[in-house]
Amino acid sequence: MAIYNMSICVGMKELSTFIGNKLSTSMGKLNALLKLNLSWCTRLQQLLTSIGQLNALQEFNLSECSSLQELPTSIGQLNAL
């Protein structure tokens with residue numbers, strides 16, 4: 001089971017700010033990722049478009065991400081949610 005917990009990253013504005021450019025550009029290649037927790041990342045403003053390539057993702061927590069302005073259209077490709 002692959003889980004990525006980044007909850008309570010209150011200073012993070014963009015995903016690439018926290019995880020670095022190398023991982024952010026290849027985030028869609030995390031094919032085995034089942035759970036992604038970004039809850040309480042209160043300054044997070046945007047998600048990467050490659051997030052729609054996380055085909056195995058079953059749980060995606062964005063609760064209390066109050067600065068998130070919009071979801072990328074690619075989020076509709078997350079069929080396992």
Picked from region 39-78 (must be touching a Ser or Thr at 6+ places or on another chain (Cβ under 6 Å) and in a helix (DSSP H, G or I)), the residue surrounded by the fewest Cβ atoms within 10 Å (Cβ to Cβ) is Thr49
If you check Ile19 against the conditions, is it surrounded by 13 or more Cβ atoms within 10 Å (Cβ to Cβ), modelled with pLDDT of 65 or more and β-branched (Val, Ile, Thr)? no
So Leu36 fits all but one of (1) at pLDDT 85 or above; (2) surrounded by 15 or more Cβ atoms within 10 Å (Cβ to Cβ); (3) part of a loop (DSSP other than H, G, I, E, B); (4) not small (Gly, Ala, Ser); what number is the exception? (3)
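The values are calculated or read from the model by the stated rules, or taken from the named source; none is laboratory data. Since we're looking at a predicted model, the values are computed, not measured. Please note: Cβ atoms are built from the backbone with ideal geometry, for glycine as well, and neighbour counts cover all protein chains shown.
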